[in-house]
């Protein structure tokens, strides 16, 4: 299964980014390997999720935001 994660690095005032090592380890434990995309501007999350889905990813996870 191909999994993509869209990460908003400023979510929660940056807490998610600071705790990303633990969060990503938990995601890997439950889902296996995944590809990460980080947002940089408004609208990126939707665009990145659509690109991942259109590229054949079976599951796209939104992290933060």
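Name the single residue, out of those in the stretch 41-65 being out of contact with any strand residue (DSSP E or B) (no Cβ under 7 Å at 6 or more places or on another chain), more than 18 Å from residue 1 (Cα to Cα) and surrounded by 11 or more Cβ atoms within 10 Å (Cβ to Cβ), that is modelled with the lowest pLDDT.
Going through the qualifying residues, I end up with 65.
Could you please find all residues in the stretch 1-37 being at pLDDT below 95, in a loop (DSSP other than H, G, I, E, B) and loosely packed, with under 13 Cβ neighbours inside 10 Å?
Selection gives 1, 19.
The values are calculated or read from the model by the stated rules, or taken from the named source; none is laboratory data. Since the structure is predicted, the reported quantities are computational estimates derived from the model, not experimental observations. When we count neighbours, we look across all protein chains shown, and the Cβ atoms used for this are built from the backbone with ideal geometry, even at glycine.
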